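Notes follow once the structure below has been shown.
The values are calculated or read from the model by the stated rules, or taken from the named source; none is laboratory data. Keep in mind that what you see is a predicted model, and the values were worked out from it rather than measured. Neighbour counts run over all protein chains shown; Cβ positions are idealised from the backbone, glycine included. Calculation scope for accessible area: heavy atoms of the full protein, side chains included, ligands and nucleic acids excluded. Shrake-Rupley method; radii C 1.70, N 1.55, O 1.52, S 1.80 Å.
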Amino acid sequence: AAGCACDGGARTAWPDSYLARVEALALLQTFNADLLSHDSATLTLERWCGAHGLASPPRIVAERVTAMDKAPTAEQRAELGVTPAEPVRYRRVRLRCGAAVLSEADNWYVPGRLTAEMNTVLDSTDVPFGKAVQALHFRRHTLSSVVLWSPLPEGWEMSPTAAKDDGTKLRIPEQLLQHRAVLVLPDGTPFSEVVETYTGNVLAFSMPKP
């Protein structure tokens, strides 16, 4: 049965073996490539959640963090193409699949480039940003993609103990990937910048048995 680190931690039932680390690396690369090749991270997470049995039904729910506010930097305003006086709103959410937090997202968006209905949904509900603005048919331009954890340590291929399995469990850190992207309208106008940090819970399912 699939398991999950349901409290947002990074525990796993995977053994700390060479094979498990190779599989974790392959999965992490596959997940990263999947995110980079699609415009909606929310829908990509939903597909990943379903394919790996992280929850049933595999539905992504956004949990808003309402006690935080971060003003956009001058660089972010430039990337969004707004003047110093133009309103930019901030929204932080945790995206859950079942009980497991799969990502935390910081989002700065230009309300004047969304419909009134979209702004109401973003202000008053926990609907994920990508779903709230889906009708805009937006495109996603990745500004940076950083892998925060490598399952195989540097020099593993030359280590005589790399393939040793001593029965311990693989410790997956709480943060695996971080993406920064700008969302643009079909005419190229930017309307949102997002920083997404993906958690160890994306790998929190039981390792396939040989």
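Some observations on this one:
- Modelled FRET efficiency - R0 45 Å, D39 with L19, Cβ distances, 0.05 increments: 0.85
- Residue order for H179, H141 - accessible surface, 1.4 angstrom probe, largest first: H141, H179
- Near-label residues of the range 186-204 by backbone N, under 20 Å of a point 7 Å along Cα→Cβ of R64: 191-197
- Under-5 Å amide H pairs with L177, H placed in peptide plane, nonlocal only: L148, Y198
- Residue-averaged [θ]222 nm for the chain, counting only DSSP H segments that reach four residues, each worth -39500 (n - 2.57): -7000 deg cm²/dmol
- Carbon plus sulfur fraction of accessible area for the range 80-209, probe 1.4 Å, in percent: 54 percent
- For V65, the amide hydrogen comes within under 5 Å of the amide hydrogens of R92, V93, R94, counting only partners 5 or more places away or on other chains and with H modelled in the peptide plane.
- Dipole of the range 69-128 [Lys/Arg +1, Asp/Glu -1 at C-beta], most positive-end residue of P111, V101, P72: V101
- Modelled FRET efficiency - R0 45 Å, T168 with Q134, Cβ distances, 0.05 increments: 0.55
- Answer label for Kirkwood radius over Cα pairs in Å (calculated), chosen among (1) 17.5; (2) 20.9; (3) 18.3: (3)
- When each full DSSP H helix of the chain is screened for a Cα extent of at least 18 Å along its own axis and an average Kyte-Doolittle hydropathy of at least -0.5, the helices passing are 18-36.
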